Amino acid sequence: MWTVNFRSLRRPVAAALVLLVACGAWGAEPEGSGESVPAVWAPRQLHFVFQGFTAHYSCDGLQDKIRYVLTELGAQRGFEASLAGCSSPFGRPDPFPGLNIKMNVLQPADPGDSAAQPVGAHWRRVDLHLDKDPVWEAGDCELLEQVRLKILPLFSARNVDFASNCVPHQAHLGTRLSADLLVPDTKQSAPR
């Protein structure tokens with residue numbers, strides 16, 4: 001059995017609390033705040049086919065996941081993610097489920113382009129989680145890798161943080177994807 005001398009912990013704990021309060025008071029910006037930058041909506045298209053060893057998705061299951069990803073990354077409302085090349089019946093895992101994606105994403109405005117109608121935008125940190133349960137999310141490791149390689153480059157992103165422990169036929173905790181993404185200051189209507 002062990003004992004703790006709480007008197008010896010008072011000073012280090014108090015110093016840590018003072019440091020935390022001071023850091024918070026010295027201008028830590030709340031998430032999503034920042035200087036507004038001019039941006040324009042730009043069309044993007046992608047034929048996305050999932051290829052994995054560990055997780056297997058039905059076409060409609062992949063469609064749900066990718067719709068969530070596009071929304072989280074800041075695709076403008078009204079995007080399309082339609083099924084493509086699916087060979088298995090609805091709800092059954094498909095060997096190569098695919099989607100055709102059409103969307104509009106924000107990109108920094110070109111100051112020399114007088115035809116573009118800029119909107120106010122700012123950089124926001126997005127931590128992409130494909131499932132609320134970390135154990136189930138571990139199975140999405142390969143999908144998250146493919147999102148990073150094929151979908152994220154279509155968006156204006158910076159400070160990308162990706163870590164993965166993907167091993168074929170094994171689910172491992174610890175895969176993460178986060179980035180600063182350009183998002184509208186207010187809800188913008190889709191270009192027609």
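Taken together, the values in this text are just the output of simple stated rules run on the coordinates, not laboratory data. None of these values were measured; they are calculated from a predicted model.
For S58, the residues 5 or more places off, or on other chains, whose built amide H falls under 5 Å of its own are D94. Compactness check for region 56-103: Cα Rg over 2.2 N^0.38 Å is 1.13.
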